[in-house]
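I have placed the structure first, in the form of structure tokens, so that the comments after it can refer back to it.
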Amino acid sequence: MKAKKIILMMFMCMTALMMHACDAETDAEKSPDVQETAETGADVSEEQDGENHVVESAVSFEHTLDDYVPKKKEYNFYFTYKIVHPWWDAVAMGLEDAADQYAERGVTINYEYLAPQAVDVEDQRKRLLDAGNRGFDVIGVDVADSAQITPVINLLINKGQKVITFSSSDTDPKDGCKRIAYVGNTHNEQDGAALAEALCERIGYAGKVGIIVGDHGAPCHEERLRGAKSVLDKYPDISIVGIDYDRESADRAEKIATRFIDANPDIVGFICCNMVNPVGVAHAVATKKLEDQVTIVGMDHDERALRLLKDGDIYCLGVQDCCSIGFDTIQTAIKVADGLKPGEGYEELTDEKTTLIYQKDAAAMLYKLYGDQE
Amino acid sequence: MTRFLRRFFNKVTIGAIFFIFISVVLVFTSLQNNHLAEKSSDDAVHSISRFYLKELGERRSLTISNRLKEAEQDLGRIFGNSGRKYFVSQDDLRSFLGSIRIIYDYDKLAVVDENELMYTEHSTISGVSRYSFLTEEITKPAIYMANLYGSRKQLILVVPLKGVKINTVPVRLTFIQIDLDKILGEISDETEENETFSDVYYKNGQTMTTADVTGGDKPDNILDILKHAEFTDDRRYEEVEIDFRTGKTGFISYNSGDASNYTYYTSVDGTNWMFAVTIRESSISSNIGEIRDSMLRRGRLQIVILIVVMLVSFSLFLWYSSRLQKQEKHHLLKMSQTDAMTGVYNRGGGEKAIRSALEVGAEGVFFLLDADKFKSINDNYGHDVGDQVIISIAKALVHSFRDVDIVMRLGGDEFAVYAPGILDKDAATRVVRRFFGSIDAIDIPSLGDRKICVSLGAAFWREGKSIDFDELYKRADLRLYDSKQVEGNMVTFYGED
């Protein structure tokens, strides 16, 4: 009996051990993990929470057509601008966006969007006259020279051709242009003034400053120059050591800047009035190793300029909302083509904003415009 | 110790130990099988995922490559010798482009003339600055990534053209936009039941698509993910990075976050791209896992059943063994209490039974008897006949008395009977007469005409009387002596006169 009890105890112990072994969870038996999402990289713009609003509002890629119903199913437009240039490529993105949205609504937009490789007023004149003979619904022009182009515009208008101006430059009111409407930057002078103010504050309202402009006669550039000078003139301790035109060439801008620096080794600032100026000027300053001495302010969103802004070699940039310019241009052109007058669904002047951005905004802007994630 | 071991290792315990041993072996074998099943299924998952992903990866990569080649060939055909080579005006060209775009379902189709004017079905654009590759001399089909304003990326397939003109202006090239998201979407829709996600990457690991194919947050750079992942095979991140850079093919398994993944990567033929397809282990496991879980469940069930069977069998074994033992014990006990010759109680057993009856107060009558002149039977007829006489007397007693009566042989020809419940002389006498009748009926041929006679002494035991068995025996013995004085069958009762 005692033996049987011992055997039974042994048996129960072994059974308990076996059942414990069966019961133990293995890795394979563990319930499968719930599916997870993969890691993502951080969104650069989220890192700069306070500056997001500046970048987000400076340039818009989200556009929606207004409720206006075009009268026709197909439109033909002709647009000509100063120079084949990334700035106008950005405007073209807006044009395309609007055309695509109209296509979704069953309205076909055909357009030509053409420019010379270098600023050429005569070329623009010829293009306009040629386009005037081809029966476009609306011609749009980014005026290379107000005094020279205004007569051509007026000629076309008189012949019944609808003409608008768009993007960077309108005609000068004192030239008596009959263009129907303008979509673009209406505050170039204020932009120049804002850049100058930023520079003056930075340099302590004293010192020597050089100004580099784009094209002779280009309304936007001349207006910016005017605005910059009006601000600089307010401060007696600031002197303008030179004004020159780079004709949309960064190399030329660099040469001009170098010349200014050589003539004025104690120069403390540059105001750049177009998109490529800042790049050339920054290169000249770097070559002369005067980054700590010289402050550079300029216009627009050239990728190289934005990188220089990010690195602190450029102090600030005035970024225009190019995409919105293009988008609104198409919307306005359709209404103009349908015979609407300014005030009947569109304004004579459709203003597109400029936003000054600084070093802290550069990374976010680079990411937004060029997808840069550095 | 030896006695203990001898007692321990008897047949029962040896059988039990053997039984336990076999059961343990069987259970552990089942456990081992389960473990092997799990391992096999893990290996199967790994092998299947490798095979599956390789097939998928090669197929999809080839599909992408073929789509690009087809597009390239289509463009060549559209503007080739069998297609259109001359357009009278830009309107003519744009109309043609519109038709072709619809027929071939291109997102964007354009041609560029030697004046760097770009024509689409709805536009003519000075497009060089937008697509920087247009400044290059393109002599063979190539793919470019255009980084457009607004961080938009367009994948462009460019095919140089010869002999195509718009009026008199030669056309330099044509290009279409390639929508990798669309291609991937079409590929992914084709077959798989399992949850896979695939993407196309630059050699630095940067994704080339925008659509989220993961169902969650899509990684921008697969190499960044792998850099922080835990590889569960013998691969290292540095090897994978080199593979990507050099366009090699590979397979990796890794843990990223909470998920275990398998990824197969390979280069896309004709490009600088890498294609990678990933499946989460849970997806394969969920399919194989059902089978494996079923196997494991069965295995576990087998083990449980085995244990239950073991328990039941062993319990039955113990119960049966115990019962046998009880029977054995009972038999031995009975044997120890039974007179071998006659089958009635022996002295010890009978006395014990009677004492037990007295203890519980079973009132009754006690008889003491023996055969008359038994010695002469032995002397004259032999001990064999004497034994027959004894046996016959015993049989007569059993036959005459009830089952509850305790019949015992005290030794030789002496018997005793305790009949509980018989409390008066008349009842007792009736039983004795019956007994006498049985004695008279005994016929032993060897005895010839000689008859067997018995003499009985009887004493009643009634509760309340403070006499024990020994006293009862003494009283019956006294009366036996009295019965002996009378010829023939005789019973005398103590104290009943």
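The values are calculated or read from the model by the stated rules, or taken from the named source; none is laboratory data. Keep in mind the model is a prediction, meaning the values are calculated, not measured. Heads up, the Cβs are rebuilt from the backbone with ideal geometry, glycines too, and the neighbour counts pull from every protein chain shown. Keep in mind that these areas ignore ligands, DNA and RNA; they rest on the heavy atoms of the full protein, side chains included. Shrake-Rupley method; radii C 1.70, N 1.55, O 1.52, S 1.80 Å.
Would you confirm whether any residue within the stretch A:75-85 is modelled with pLDDT of 95 or more and open to solvent by 10 Å² or more (accessible area, probe 1.4 Å)?
yes
Being within 14 Å of chain B (Cβ to nearest Cβ) and of a type in the set (D, E, K, R) narrows it down to one residue among A:ASP302, A:ASP313, A:ASP361, A:ASP338; which is it?
Every option except A:ASP302 fails the conditions.
Read through the list (1) out of contact with any helix residue (DSSP H, G or I) (no Cβ under 6 Å at 6 or more places or on another chain); (2) open to solvent by 90 Å² or more (accessible area, probe 1.4 Å), then give the number of the only condition that B:ASP269 fails.
For B:ASP269, the exception is condition (1).
Taking the options A:VAL294, A:VAL285, A:VAL276, A:VAL281, name whichever one is out of contact with any strand residue (DSSP E or B) (no Cβ under 7 Å at 6 or more places or on another chain) and either open to solvent by less than 30 Å² (accessible area, probe 1.4 Å) or within 24 Å of B:LEU148 (Cα to Cα) (or both).
Of the residues listed, the single one that is out of contact with any strand residue (DSSP E or B) (no Cβ under 7 Å at 6 or more places or on another chain) and either open to solvent by less than 30 Å² (accessible area, probe 1.4 Å) or within 24 Å of B:LEU148 (Cα to Cα) (or both) is A:VAL276.
Counting only residues that are open to solvent by less than 10 Å² (accessible area, probe 1.4 Å) and outside any loop (DSSP other than H, G, I, E, B), which one in the stretch A:153-176 is modelled with the lowest pLDDT?
Restricting to residues being open to solvent by less than 10 Å² (accessible area, probe 1.4 Å) and outside any loop (DSSP other than H, G, I, E, B), the top hit is A:SER167.
On the given criteria, is B:LEU161 open to solvent by less than 50 Å² (accessible area, probe 1.4 Å), closer than 22 Å to B:GLY83 by Cβ, out of contact with any Asp or Glu (no Cβ under 9 Å at 6 or more places or on another chain) and modelled with pLDDT of 90 or more?
yes
Would you pick out the residues in the stretch B:121-153 that are under 60 Å from the mean Cα position of the chain (by Cα) and within 11 Å of chain A (Cβ to nearest Cβ)?
B:MET145, B:SER151, B:ARG152, B:LYS153, listed by residue number.
Looking at the stretch B:109-138, which of its residues are under 19 Å from B:ARG152 (Cβ atoms) and surrounded by fewer than 16 Cβ atoms within 10 Å (Cβ to Cβ)?
Listed by number, the list holds a single entry, B:SER132.
Output the residues belonging to the stretch A:307-331 that are open to solvent by less than 10 Å² (accessible area, probe 1.4 Å) and touching a strand residue (DSSP E or B) at 6+ places or on another chain (Cβ under 7 Å).
Residues satisfying the conditions are A:LEU309, A:ILE314, A:CYS316, A:LEU317, A:GLY318, A:VAL319, A:GLN320, A:ILE325, A:THR329, A:ILE330.
Would you tally the residues in the stretch A:234-258 being modelled with pLDDT under 95 and acidic (Asp, Glu)?
3
Select from the stretch A:177-193 the residues that are of a type outside the set (S, T, N, Q) and more than 16 Å from A:GLY140 (Cβ to Cβ) and write down the one among them that is surrounded by the fewest Cβ atoms within 10 Å (Cβ to Cβ).
Within the stretch A:177-193, the match that is surrounded by the fewest Cβ atoms within 10 Å (Cβ to Cβ) is A:HIS187.
If you go through the stretch B:233-281 one residue at a time, how many are outside any strand (DSSP E or B) and within 12 Å of another protein chain (Cβ to nearest Cβ)?
Total satisfying the criteria: 3.
Please determine, by comparing only the residues of the stretch B:64-88 that are in a helix (DSSP H, G or I) and polar (S, T, N, Q), which one is farthest from B:GLY185 (Cα to Cα).
Only one residue fits best here, namely B:GLN73.
Only one of (1) buried (at least 24 other Cβ atoms within 10 Å of the Cβ); (2) more than 17 Å from the chain's Cα centre (by Cα); (3) of a type outside the set (S, T, N, Q) is not met by A:HIS301, so which one is it?
(2)
Select from the stretch B:461-479 the residues that are open to solvent by 10 Å² or more (accessible area, probe 1.4 Å), closer than 16 Å to B:ALA428 by Cβ and not charged (D, E, K, R) and list them in ascending order.
The answer is B:TRP461, and nothing else.
Restrict the check to the stretch A:185-197 and report whether at least one residue is in contact with a Phe, Trp or Tyr (Cβ under 7 Å, 6 or more places away or on another chain), among the β-branched types (Val, Ile, Thr), within 29 Å of A:THR80 (Cβ to Cβ) and not in a helix (DSSP H, G or I).
Checking the stretch A:185-197: not a single residue is in contact with a Phe, Trp or Tyr (Cβ under 7 Å, 6 or more places away or on another chain), among the β-branched types (Val, Ile, Thr), within 29 Å of A:THR80 (Cβ to Cβ) and not in a helix (DSSP H, G or I).
Tell me which residues, restricted to the stretch A:90-125, are of a type in the set (S, T, N, Q), facing chain B (nearest Cβ under 9 Å) and not in a strand (DSSP E or B).
A:GLN117
Does at least one position in the stretch B:281-303 carry a residue that is under 30 Å from B:HIS35 (Cα atoms), at pLDDT 85 or above and not polar (S, T, N, Q)?
no
Of the conditions (1) more than 30 Å from A:CYS323 (Cβ to Cβ); (2) surrounded by 14 or more Cβ atoms within 10 Å (Cβ to Cβ), B:VAL88 clears all except one; give me its number.
It fails just one condition, (2).
If I go through the stretch B:164-188 residue by residue, how many of them are within 14 Å of chain A (Cβ to nearest Cβ) and either free of Cβ contacts under 8 Å to residues at least 24 places away in the same chain or open to solvent by less than 20 Å² (accessible area, probe 1.4 Å) (or both)?
The number of residues fulfilling the criteria is 1.
Output yes when any residue across the stretch A:106-119 is closer than 21 Å to A:ALA337 by Cβ, surrounded by fewer than 15 Cβ atoms within 10 Å (Cβ to Cβ) and free of Cβ contacts under 8 Å to residues at least 40 places away in the same chain, and no when none is.
Among the residues of the stretch A:106-119, at least one is closer than 21 Å to A:ALA337 by Cβ, surrounded by fewer than 15 Cβ atoms within 10 Å (Cβ to Cβ) and free of Cβ contacts under 8 Å to residues at least 40 places away in the same chain, which makes the answer yes.
Residues checked against (1) among the aliphatic types (A, V, I, L, M); (2) touching a Leu at 6+ places or on another chain (Cβ under 8 Å); (3) without any contact (Cβ under 8 Å) to a residue 40 or more places away in the chain:
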site: B:ARG402; (1), (2), (3): no, no, yes
site: B:LYS425; (1), (2), (3): no, no, no
site: B:ILE467; (1), (2), (3): yes, no, yes
site: B:THR492; (1), (2), (3): no, yes, yes
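Could you say whether any residue in the stretch B:431-439 is open to solvent by less than 80 Å² (accessible area, probe 1.4 Å), of a type in the set (Phe, Trp, Tyr), assigned to a strand (DSSP E or B) and in contact (Cβ under 8 Å) with a residue 12 or more places away in the chain?
No, because not a single residue in the stretch B:431-439 is open to solvent by less than 80 Å² (accessible area, probe 1.4 Å), of a type in the set (Phe, Trp, Tyr), assigned to a strand (DSSP E or B) and in contact (Cβ under 8 Å) with a residue 12 or more places away in the chain.
When you check A:LEU366 against the structure, is it at pLDDT below 95 and among the aliphatic types (A, V, I, L, M), yes or no?
Against the criterion (at pLDDT below 95 and among the aliphatic types (A, V, I, L, M)), A:LEU366 qualifies.
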